[in-house]
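Step one of this worksheet: look at the structure below.
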Amino acid sequence: MMQTITPGAAVEPFPQCPALDGSHCVTSSLAKIFHHAGRPLSEDMLLGLGAGMGFIYWQMKMGGQTMIFIGGRGNVKDFYQDLARRTGVRIAENRTSSAKKAEEALLGSLVKRQPVFLGADMGFLPWFDLPADYHFGGHAFVACGYDGHQTVLGSDIEQKAGGIKKGFYAPITLEQLRKARNSTFKPFPPRNLWLEFDFSGFRAPGAKPIAQSIAQTVDAHLNPPIKNFGVSGMRHTASQLLKWPSLFNDHELRMNLFNLYIFIEIGGTGGGCFRSMYARFLDEAAAIAKKPALAEAAANFRDSSRRFTEIALLFRDAATANDLPGKIQTAANTFRQIADLEESTYRQLQKQV
């Protein structure tokens with residue numbers, strides 16, 4: 001039987017739903033759901049088990065301008081199901097074009113005091129101070145409270161810092177939520193995404209699923225389907241970056257260089273393009289699998305993370321910087337260094353898994 005909630009009551013978080021600090025919106029939201037279920041896993045472990053670290057260089061048109069996307073997430077298509085397979089947790093991905101259907105499913109869980117993992121366009125979330133024309137539909141947060149009337153409580157992480165970000169609660173009306181969940185803005189419209197979980201078959205991470213996830217990550221980086229991905233993608237980035245001054249006008253060049261800072265350091269990567277998170281995963285994995293070599297690989301990824309951060313910080317002031325050619329050359333050289341370091345590390349990991 002559904003529990004009833006008195007309309008108009010103060011919006012408080014459900015029991016066992018802390019506003020955890022986090023590095024990345026997807027994995028921090030998963031960590032909150034796992035915590036609520038009494039099966040806590042670090043978001044670093046969740047990222048690693050789902051083979052969620054990657055590299056991509058992608059060129060696309062946005063608002064009539066050419067934008068380069070450089071990302072450190074990997075396995076986006078199969079991440080949830082790979083994570084499910086390696087933890088024994090059933091994860092159902094739900095998407096619909098019907099805002100009404102999505103809201104009915106959400107409220108059905110909230111009245112039972114069950115938190116819900118949601119996808120949303122962060123440009124429509126009232127707790128973020130973003131430009132009016134900014135949209136990113138790949139964001140995730142947890143709905144973890146409901147007043148029984150028109151207000152839901154969200155649990156999210158701040159977006160204006162690198163590394164581990166502060167977790168917080170914030171209210172959102174059902175009308176605002178419908179707009180954020182049903183946004184059609186590209187390139188990542190959320191399509192009313194929500195996840196459903198069944199923890200009855202949960203298994204604590206063991207050596208075998210950890211090895212499988214590492215092998216998957218290694219293969220993705222050493223044998224990508226196209227040159228824009230993985231280690232080859234980093235080398236491709238280095239060569240393309242040197243061409244940017246001739247490809248873009250001054251405004252586009254500065255915009256794309258500043259985006260490097262955002263995509264690598266600020267935009268929910270945990271700092272250093274997800275490499276710090278993956279290093280912490282490997283440290284945990286080394287202890288579970290009793291393989292010190294994994295901790296050695298973790299040290300290499302901390303080095304990689306530091307170098308990615310160095311690239312990002314070159315362009316934090318890209319809008320006003322004078323020495324862009326020199327900074328671009330330095331960044332290209334550093335991308336090549338990262339590619340060499342990571343390729344060597346992946347080959348070492350191949351021998352371990």
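Would you mind giving the three semi-axes, in whole Å and largest first, of the ellipsoid equivalent to the chain according to its Cα gyration tensor? The partial results should precede the final answer.
On the way: eigenvalues 236, 140, 50 Å².
Semi-axes, largest first: 34, 26, 16 Å.
List the extent of the Cα atoms of segment 207-352 along each of their three principal axes, largest first, rounded to whole Å.
51, 26, 20
For every helix of n ≥ 4 consecutive DSSP H residues, a contribution of -39,500 (n - 2.57) applies; sum these over the chain, divide by its total residues, and give [θ] at 222 nm rounded to the nearest 500 deg cm²/dmol. Could the numbers behind the result be given before it?
Numbers: 12 runs with 159 residues, N = 353.
Result for the chain, helices only: -14500 deg cm²/dmol.
Which is farthest toward the positive dipole end of the chain among 324, 194, 217, measuring Cα position about the Cα centre, with Cβ charges +1 (Lys, Arg) and -1 (Asp, Glu)?
217
Ranked by Cβ crowding within 10 angstrom, fewest neighbours first, how are 133, 303 ordered? Working shown, then result.
Working: 133 8, 303 18.
Starting with the residue having the fewest Cβ neighbours, the order is 133, 303.
Taking the Cβ of residue 321 as the center, what net charge do the other residues with Cβ under 11 Å away carry, scoring Lys and Arg +1 and Asp and Glu -1?
Details: positive: 254, 316, 327; negative: 317, 323.
Here the count lands on +1.
Please work out the Cα center distance from segment 182-230 to segment 271-287, rounded to the nearest Å.
Using only Cα atoms, the two centres lie 16 Å from each other.
What are the lysines whose alpha-carbon lies under 21 Å from the alpha-carbon of residue 327, with same-chain residues fewer than 8 places away excluded?
Once the sequence-local lysines are set aside, what remains near residue 327 is 243.
Need the C-alpha centroid separation for segment 52-68 versus segment 289-324, integer Å.
Segment 52-68 and segment 289-324 have Cα centres separated by 20 Å.
Can you give me the C-alpha center-to-center distance between segment 157-179 and segment 116-135, rounded to a whole angstrom?
Comparing the Cα centres of segment 157-179 and segment 116-135, I get a distance of 8 Å.
How many times 2.2 N^0.38 Å is the alpha carbon radius of gyration of segment 257-318?
Values: Rg = 13.3 Å, N = 62, 2.2 N^0.38 = 10.6 Å.
This ratio for segment 257-318 stands at 1.26.
Longer than 29 Å from Cα to Cα, which of 77/160; 32/160; 112/179; 112/160 are they? Say none if no pair is.
Values: 77/160 27 Å; 32/160 21 Å; 112/179 24 Å; 112/160 33 Å.
In this structure, 112/160 lie more than 29 Å apart at Cα.
Taking the alpha-carbon distance from residue 208 and a cut-off under 16 Å, which lysines remain once sequence neighbours fewer than 8 residues away in the same chain are dropped?
Reachable lysines: 290, 291, 351.
Efficiency by 1/(1 + (r/R0)^6): what FRET value for residue 290 and residue 244, r their Cβ-Cβ distance, R0 = 56 Å, to the nearest 0.05? It would help to have the intermediate numbers written out before the result.
On the way: r = 46 Å, r/R0 = 0.82.
After rounding, the FRET efficiency stands at 0.75.
Hey, got a sec? Which chymotrypsin sites (Phe, Trp or Tyr not before Pro) in segment 131-237 land in a DSSP loop and have at most 16 other Cβ atoms within 10 Å?
Working: sites: 134, 136, 141, 146, 168, 169, 185, 194, 197, 199, 202, 229; in loops: 134, 136, 185, 199, 202.
Here the chymotrypsin sites (Phe, Trp or Tyr not before Pro) that fit, given the DSSP loop and packing criteria, are 134, 185, 199, 202.
Need one number: nm distance between label points at residue 347 and residue 60, each 7 Å from Cα along Cα→Cβ, rounded to one decimal.
Label at residue 347, label at residue 60, 3.4 nm between them.
Quick note: the coordinates plus some simple rules give every number you see, no bench work behind them. What you see is a predicted model; the values in this text were computed from it and never measured. Cβ atoms come from the backbone with ideal geometry, glycine included; neighbour counts cover every protein chain shown.
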